[in-house]
Each structure stands twice: as C-alpha cells, then as structure tokens.
1. Please work out which residue is farthest from A:TYR112 (Cα to Cα), limiting yourself to the stretch A:148-207 and to residues that are within 14 Å of chain B (Cβ to nearest Cβ) and charged (D, E, K, R).
2. Could you tell me whether the stretch B:36-52 includes any residue that is more than 13 Å from chain A (Cβ to nearest Cβ) and either among the aliphatic types (A, V, I, L, M) or without any contact (Cβ under 8 Å) to a residue 60 or more places away in the chain (or both)?
3. For the stretch B:114-124, which positions are surrounded by 19 or more Cβ atoms within 10 Å (Cβ to Cβ) and either within 14 Å of another protein chain (Cβ to nearest Cβ) or in a loop (DSSP other than H, G, I, E, B) (or both)?
4. Residue check: is B:ARG24 without any contact (Cβ under 8 Å) to a residue 24 or more places away in the chain and under 23 Å from A:ASN398 (Cα atoms)?
5. Looking for something modelled with pLDDT of 90 or more, within 14 Å of chain A (Cβ to nearest Cβ), assigned to a loop (DSSP other than H, G, I, E, B) and open to solvent by less than 60 Å² (accessible area, probe 1.4 Å) - is there at least one such residue anywhere in the stretch B:1-9?
6. Of the conditions (1) touching a helix residue (DSSP H, G or I) at 6+ places or on another chain (Cβ under 8 Å); (2) assigned to a helix (DSSP H, G or I); (3) open to solvent by 60 Å² or more (accessible area, probe 1.4 Å), A:ALA141 clears all except one; give me its number.
7. Could you tell me which numbered condition B:ARG254 fails, if it satisfies all but one of (1) at pLDDT below 90; (2) open to solvent by 10 Å² or more (accessible area, probe 1.4 Å)?
8. (1) within 14 Å of another protein chain (Cβ to nearest Cβ); (2) part of a loop (DSSP other than H, G, I, E, B); (3) under 17 Å from the mean Cα position of the chain (by Cα): which one isn't true of B:ARG134, the others all being true?
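The values are calculated or read from the model by the stated rules, or taken from the named source; none is laboratory data. Here the structure is a predicted model, which is why all the values come from computation and not from measurement. Reconstructed Cβ throughout: ideal geometry from the backbone, glycine too, with neighbour counts over all protein chains shown. Areas reflect the complete protein model, heavy atoms only, side chains present, ligands, DNA and RNA absent. Shrake-Rupley method; radii C 1.70, N 1.55, O 1.52, S 1.80 Å.
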Amino acid sequence: MGRKLLLEHIDVPGIETFDVWRKHGGYLSVEKALKNMSPDDVVNEVKNSGLRGRGGAGFPTGMKWSFLAKPEGVPRYLLCNADESEPGTFKDRYLMEKLPHLLIEGMIVSSYALGANLSYIYIRGEYMWILEILEKAIAEAYAKGFLGKNILGSGFDLDLRVAPGGGAYICGEETALIESLEGKRGNPRMKPPFPAVKGLWGCPTVVNNVESLATVVPIINMGADEYVKIGTEKSAGTKLISACGNLVRPGVYEIEMGISVEEFIYGDEWCRGIANNKQIKALIPGGSSVPILPAHLITKLATGEDRLMSYESLSEGGFATGSMLGSGGFIVFDEDQSVVRNTWNFARFYAHESCGQCSPCREGTGWMQRVLHRIVNGQGNMRDIDLLADINKKIEGNTICPLGDAAAWPVAAAIRHFREEFEWYVNHPEEALKRNYGMLKNTPTTV
Amino acid sequence: MVKVTIDGIEIEVEEGTTILNAARMIGGNVVPPAMCYYSSLEGSGGNCRTCLVEIAEGSTRDPRPMPKLMVSCSTQVQDGMVVKNKTSQRVHENRGAVTEFLLINHPLDCPVCDQAGECHLQDLSFDHGGAGSRFEEEKRTFEPIDIGNKIKLHMNRCILCYRCVKVAEQLTEKRVHGVLHRGEHAEISTYIQKAVESDFSGNMIDVCPVGALTDRTFRFKSRVWFLKPMNATRECKKCPGHATVWMFGEEIYRVTGRKDAYGEIERLDGKTAWICDDCRFETKDPKQWNIEGPRKINRHSVISQNHYEIPNPLKTNVKKSLK
C-alpha cells in the first residue's frame with residue numbers, strides 16, 4: 001500500500017464530525033503550531049517541505065507565502081480556492097465532502113502562519129451540498145474553540161467563512177476569485193500587482209488550493225524533514241489523483257509522487273487497467289487544460305525511461321513529448337474514443353467559460369470551437385487543421401489570465417500527436433458521422 | 001526619473017509611467033495602438049491586447065527579456081528598460097492576430113456605420129489587418145437593445161473595450177449599464193433594458209473606439225469627413241462647455257468633446273473636459289456656441305485630410321543633410 005497522508009482515515013465512519021476527527025489525531029497540527037511555533041516557523045516548515053501548489057500550476061506554496069506583503073495596520077487574507085471546475089478534476093470535492101475538518105485544520109494553521117484573521121473558502125456554486133458540510137464542520141470548530149477569538153489561549157483570532165461562487169470556471173483564477181468574492185463580475189485582474197500585494201479589498205492576500213492547504217496539516221504534524229522523504233526530489237509528498245475515463249476502477253486516489261504511470265493505470269491497488277480489455281489510446285494526466293499524450297508517450301518518456309507520476313517526469317520533454325501534472329485530473333481514453341471529438345468538447349467548454357474580457361480568448365476560443373465542430377460533423381477541410389494550429393498559437397501568451405493558454409494547449413497537443421485522426425475526419429465525413437465511440441448501439445453521435 | 005528606450009529612442013520619464021504613456025511622450029510612429037486604454041478612465045486598459053510590446057531588456061538591474069509580450073498600457077517602465085514596438089516582428093505578428101480576432105465577429109458594416117472615418121478599428125485594420133478573412137463561420141449576433149433615445153447601441157460592432165462601462169461607473173451617478181454574459185456572448189447592456197439617462201452618459205459615445213455607441217441625433221445624417229470640425233465653447237452650468245462642433249454649411253450636425261490625437265478628450269485646467277448631454281444633444285444652434293475656428297484632427301486621416309500640413313520634402317532633406 002502506498003503511504004496516505006491526507007486520506008488516511010477517510011473510511012472511518014463519522015470522520016466528518018469533530019469528535020471522530022479529533023480521536024484520529026485531528027487538530028494536533030493546530031495545537032503544535034499555535035503553542036510551539038511562531039508564524040515564521042510554520043512558513044519555513046512549508047517552504048522546506050517543497051510543497052508545490054496542488055491546484056494546477058505547481059507553484060511552490062512556501063514561496064507564495066513568503067511573497068505576502070506585510071504592511072502595518074492592513075489586514076491580510078487567506079482564501080481557499082475550492083472552485084474546482086476543471087473537466088476531469090474532482091479531488092477537492094472528495095476531500096471536502098469526506099474530510100471537512102482536514103481543510104479547516106489546514107486553514108487554521110495556514111492563517112496563523114500568514115497572520116490572517118479572516119479567511120474564506122470560495123466554493124463553486126455547484127457544490128452546494130458541500131457548503132453545508134463545511135458550514136456544519138466550521139460551526140463545530142467554533143464550538144470547540146478552534147475558531148473564533150483567542151484560539152487555544154494563543155491570542156490568535158480567526159474567523160472562517162464559506163462563500164459560494166456562481167458557477168464560473170474563470171473564478172478559479174485567483175484574481176477573478178477575488179473579484180467575485182468582492183461581489184463583482186468575476187473578471188481576472190491585470191497583474192502586477194499580484195494578490196500578495198493587493199488582493200481582496202486591496203489588502204495582501206494568499207489564494208491556495210484545497211489540497212495544498214490540507215497538505216499543510218501532515219507537513220506540520222510530521223515535520224518538513226520527514227515530509228520531503230516521501231515522493232521524489234522535486235515533487236515531495238503525496239498527491240490526490242482523480243482518475244476517470246475508460247478505466248476498470250476510476251476514482252480519487254492518493255499516490256506517493258514518483259510511482260510509475262504504468263503502475264498507476266494497471267496496478268491492482270489503483271486503476272486496474274483499461275475497461276473491457278481495450279487498448280489505451282491517449283492520456284490527459286492533469287485535467288482538461290494540459291496537453292494530451294499519445295499511447296507511446298504515456299508509460300515511457302521520449303528518452304525511453306519510465307514515466308513517473310511527478311511534476312518533473314510528466315512535463316519531461318516540454319510540450320513536444322510531455323504534458324503536465326496539473327490538477328491531477330487523470331483522463332484515460334481507450335481505442336474507441338475520438339481525440340478530435342474530445343478536443344471539440346474541451347474547446348466548447350473553454351469557449352463557454354471564457355470571461356469575455358480580452359480579445360484573443362473571447363474571440364479565439366469561440367472560433368476554435370466552431371472550426372472543431374465543423375470538423376467533427378464532417379464538414380471540415382484540410383486547411384482547417386492548420387488554421388486551428390495557427391489560432392491557438394495566437395491565443396497562447398497573449399491573454400490576461402491563463403485561461404487562454406489552457407484553451408490553446410489541448411488543441412495544439414491534439415493536432416501535434418493526432419493529426420492523422422483530424423485528417424481522417426476531413427477525408428471520411430460520412431464515416432465520421434456514423435462513428436459511435438464504443439457507446440451503445442443506436443446512440444446518436446452527431447453533435 | 002527613469003530612462004527607457006522605445007524602438008531605439010531614449011526618453012526620461014517619471015517613475016510609475018506606463019510604457020504606452022512614455023511612447024506617447026515620444027509620439028509619432030512608436031506609439032502602440034490602444035483600443036481600450038483611456039487615460040482619464042481609472043482601471044481601463046488591458047482588455048484589447050493591441051498595445052502588446054516586446055520587452056527586450058527588463059531593466060538595468062535585471063536585463064533579462066520578458067518571455068511574453070506585455071501590454072504597454074498597464075506595464076510600468078523600469079530604469080533601463082528596452083522596449084520594441086515597431087521594430088519587433090513578434091509584435092507585428094501578434095498585433096495582426098489580435099486585429100484578426102477583433103474583426104472575425106465584427107459585422108464590417110462600415111458603409112452604413114456612423115463611426116466610419118473616425119473608427120479606431122478601421123485604423124487598426126488598415127495598419128495590421130489582413131487582406132481577407134479566414135473566418136468562414138456565421139458571425140455572432142446580438143438581439144438589438146434600446147438604451148434610450150439619445151444613444152444607439154449596436155452590440156454587433158462592439159469590441160468589449162469596457163470604456164463605456166468605466167464611464168458609467170466613474171462619470172454618472174447611477175450606473176445602469178454594464179456587461180452581461182461571458183465569453184463571446186458577453187454584451188454591453190442596460191439592466192432590464194433601462195434607458196441610460198444621466199447628464200454625462202453621452203460621453204460613452206466619445207469614448208467608444210468603434211461604432212457600437214453612436215449619437216442618435218446624428219444618426220445617418222452625414223459622413224464625418226463631409227463635416228467641418230470647429231472648436232467651440234459655451235457657458236454651461238453642468239460642464240466646461242469645451243467642445244468640437246461638426247458643421248455642414250452653417251448648420252451644426254453634431255457636438256462632441258475635443259479629442260486629441262489618441263481619441264481621448266482633452267484636458268482643461270487639469271481636468272478632463274467631458275461635455276454634458278445638454279451641450280451634446282440639445283445645443284445644435286450655431287448661435288448658442290462661440291465658434292473659435294477650425295479644428296485639426298490629426299490621427300484620423302480621412303476627416304481632415306485637407307488640414308494636413310504636408311511637409312516640404314526639400315526642406316526636410318536639407319535639415320537632415322545639415323545635421
């Protein structure tokens with residue numbers, strides 16, 4: 001069995017209640033941090049642990065914390081980004097649903113480290129039932145003296161609130177999240193200034209993913225020195241992976257960084273291989289925004305070494321032969337699936353979710369979506385494929401926020417690795433319309 | 001003061017100046033086009049991405065080039081920064097790309113658009129647009145919305161620069177218009193179709209870089225290049241009364257604010273001389289205005305082509321050789 005740091009007690013009945021959580025070692029990190037450590041000690045501990053942000057970009061959490069400006073007399077805020085909306089990613093949902101106290105515990109310790117006296121969990125609007133779970137857990141934590149004034153007699157005050165979003169993917173971008181929390185339209189802000197200097201209501205703010213904040217708990221409990229021993233040199237610790245697609249056993253798994261991709265897909269402990277004895281065709285290792293990998297690059301790197309589940313190994317070779325760990329949305333395609341149709345589906349998602357603020361993303365995502373829609377429906381031609389490649393090159397890097405890049409990368413990678421499939425759609429329009437993607441017979445496939 | 005080099009021209013500017021404003025101090029060809037930035041509207045800029053420039057050297061302290069193109073309207077200059085605008089191939093390509101993006105859903109109805117002749121999108125596509133379009137799809141369209149009897153909203157032409165939203169936010173008391181929906185369906189609209197009625201809402205027309213917001217009292221009256229722009233002033237209780245009146249013969253066809261070379265309303269005594277709706281829509285009798293004289297419109301070629309001072313080629317050559 002791989003080592004579990006976050007999901008260790010997930011199967012204990014009643015773990016979502018304070019008492020059971022406390023019995024299984026809950027809130028020990030709060031006691032340790034507030035009683036024996038200074039805020040800077042906590043920041044240094046997280047820095048030394050090498051924890052990288054679990055939300056997608058993989059930016060070192062400790063470094064993000066150390067950038068926080070600390071002017072006198074200005075409040076600071078910690079925001080938890082629970083606006084998990086990436087297609088293929090559902091790890092935060094599982095964690096918050098089952099272990100709400102783990103997140104609250106992580107937020108208390110992190111708020112203490114950053115000197116924040118008011119923290120928010122910004123949760124996506126579709127997760128309404130989790131909002132209730134969290135609010136119940138927060139009420140318990142208040143009742144037991146872990147939230148509120150003078151926590152554990154340390155003199156540290158913390159209020160924790162949950163704020164629901166309105167169901168926009170863009171509000172997972174940290175500055176759009178801040179705008180939305182302020183009650184405005186969720187448009188990303190221009191950077192600089194970064195939130196660490198000017199964030200929520202103009203005050204220094206840190207925005208972290210749910211899993212990053214939860215991981216602070218085991219780091220404080222076991223110490224950074226112990227934590228870095230888990231995983232690989234550049235990707236310490238464990239990571240939640242939400243595996244989906246044509247797998248025998250899809251689901252949320254906690255893996256130690258550095259197990260091989262082959263073991264994760266085919267191992268008995270994990271996904272147990274591809275469903276219905278099919279062959280694997282492609283893999284998206286980190287949620288819909290990251291480049292797709294073709295079969296020959298999934299388990300092996302271009303250099304012939306094994307590909308591992310870690311930040312550095314998955315991005316080995318750059319975008320030419322690699323991808324990204326991203327948010328851990330592990331999407332597997334079997335041989336019946338169509339990369340072209342899937343790319344259209346993602347393009348449709350990004351066109352729908354673009355905020356409409358800056359021109360390349362607003363116009364470009366819609367354009368790509370339309371061209372792909374035409375190709376999937378057998379009305380494409382060869383120059384459309386080059387046109388697509390050109391459009392995404394022109395969106396990438398020219399937008400305010402990373403949504404433009406996230407929309408461009410999957411299309412670019414699909415054309416890079418599966419160009420012949422795009423050509424097949426153009427050359428066989430009739431067959432393309434009849435294709436049924438391994439679904440039940442008579443399922444309509446036109447879109 | 002910090003030193004910055006733009007297209008090989010060095011200039012000293014105050015700290016905190018943006019690259020675009022530094023370029024405007026130099027003037028001429030090095031100024032990147034800006035469709036959404038408007039210096040007197042706080043928080044504007046960053047949306048249209050036409051002012052992207054390449055930063056070849058970040059600063060004296062850290063001379064590394066910036067990997068991405070930066071928007072010059074919101075990037076502040078650093079000491080020793082080297083910026084490439086006209087001289088960068090990457091900038092040309094990406095500005096062309098942005099122009100293409102802005103045009104794909106634009107109706108291209110210039111022949112019937114009141115803005116034609118003073119449209120920034122026309123200027124931009126003249127400088128950076130392609131000869132044809134690669135967009136074969138049906139263009140996105142919007143249901144027309146009536147926002148009152150003074151201002152005509154033509155959402156299909158809009159490039160979502162957000163300037164008018166900032167005008168509504170910053171100049172008028174009750175904001176009744178903003179942006180609805182998102183992505184390519186995002187549209188400027190009034191809340192539940194409420195008419196825009198405020199003393200200064202007409203300034204939306206002046207800030208609009210395209211023909212999305214036009215003057216209903218001037219609608220289809222004349223092409224702008226057939227009119228004589230005249231500087232004029234008038235006593236007004238609400239505004240400085242500092243305007244340009246557009247005349248045809250002895251008649252005033254329309255009134256606008258006085259715009260500078262970048263399409264921005266000029267400043268008067270340190271304040272932007274926004275004009276009120278009374279001056280703009282109700283005061284069309286030449287007797288009500290004190291007409292000072294013809295106004296030169298610099299940037300928009302077709303309007304005042306006859307007012308251009310054509311430089312004497314012989315003279316400039318002599319000057320160059322003397323140097």
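1. A:ARG185
2. yes
3. B:ASP114, B:GLN115, B:GLU118, B:CYS119, B:HIS120, B:LEU121, B:LEU124
4. Criteria not met by B:ARG24.
5. Looking for residues that are modelled with pLDDT of 90 or more, within 14 Å of chain A (Cβ to nearest Cβ), assigned to a loop (DSSP other than H, G, I, E, B) and open to solvent by less than 60 Å² (accessible area, probe 1.4 Å), one finds none in the stretch B:1-9, hence no.
6. Unmet condition: (3).
7. (1)
8. Exception for B:ARG134: condition (3).
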